[in-house]
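Below: one structure, written as C-alpha cells.
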Amino acid sequence: METIHISEEEAARDFAGLIARVRAGAEVVIESESSPVARVSPAAPPRRSVSESIALAEARSIERGYEVVMDPDFAADMEEIIANRKPRDTSAWD
C-alpha cells in the first residue's frame with residue numbers, strides 16, 4: 001500500500017483529493033510540522049458472518065430450486081475450526 005504524507009493545510013484545502021487517494025488504495029498520513037497527526041486508510045471490506053452465509057445459501061436454494069452443496073473438504077475444514085474454537089482472551093484489555 002502506498003503511503004502519502006501531506007500537511008494539515010493540504011488536507012484541508014483538498015479533502016476531496018485526499019479521499020480520492022484513499023479510495024484508490026493509498027494510506028494518507030496528515031502531518032503538522034513533520035509530525036504525524038492522523039492516518040487515513042481504506043476501510044476494511046464488509047464481511048459476512050457464518051450465520052449470514054448459511055442464511056444466504058438457504059435463500060438461494062429456495063430461489064433456484066436446488067440445494068446448495070458444500071465442498072466436502074471445505075465442510076470438514078469448517079467443522080474442525082468450529083470444534084476447536086477457543087474463547088477470546090480479553091485479559092490484556094483491562
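The values are calculated or read from the model by the stated rules, or taken from the named source; none is laboratory data. Because the structure is a prediction, the values reported are computed rather than measured. All Cβ positions, glycine included, derive from the backbone under ideal geometry; neighbour counts span all protein chains shown. Quick note on the areas: whole protein, heavy atoms, side chains included, nothing else; ligands and nucleic acids left out. Shrake-Rupley method; radii C 1.70, N 1.55, O 1.52, S 1.80 Å.
Under 6 Å between Cβ atoms, at least 6 apart or on separate chains: pull out the pairs that start in region 66-93 with a residue that is without any contact (Cβ under 8 Å) to a residue 40 or more places away in the chain and within 23 Å of Ala55 (Cα to Cα) and end on any residue that is part of a helix (DSSP H, G or I) and open to solvent by less than 80 Å² (accessible area, probe 1.4 Å).
Glu67/Ser61; Val68/Ala57; Val68/Ser61
Can you pull out every residue in region 68-94 that is surrounded by 10 or more Cβ atoms within 10 Å (Cβ to Cβ), of a type in the set (Gly, Ala, Ser) and at pLDDT 85 or above?
Ala76, the sole residue that qualifies.
Rundown of residues vs (1) assigned to a strand (DSSP E or B); (2) open to solvent by less than 90 Å² (accessible area, probe 1.4 Å); (3) in contact with a helix residue (DSSP H, G or I) (Cβ under 7 Å, 6 or more places away or on another chain), yes/no style:
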position: Ile4; (1), (2), (3): yes, yes, yes
position: Leu18; (1), (2), (3): no, yes, yes
position: Val22; (1), (2), (3): no, yes, no
position: Ile30; (1), (2), (3): yes, yes, yes
position: Ala38; (1), (2), (3): yes, yes, no
position: Pro42; (1), (2), (3): no, yes, yes
position: Ser53; (1), (2), (3): no, yes, no
position: Ser61; (1), (2), (3): no, yes, no
position: Tyr66; (1), (2), (3): no, no, no
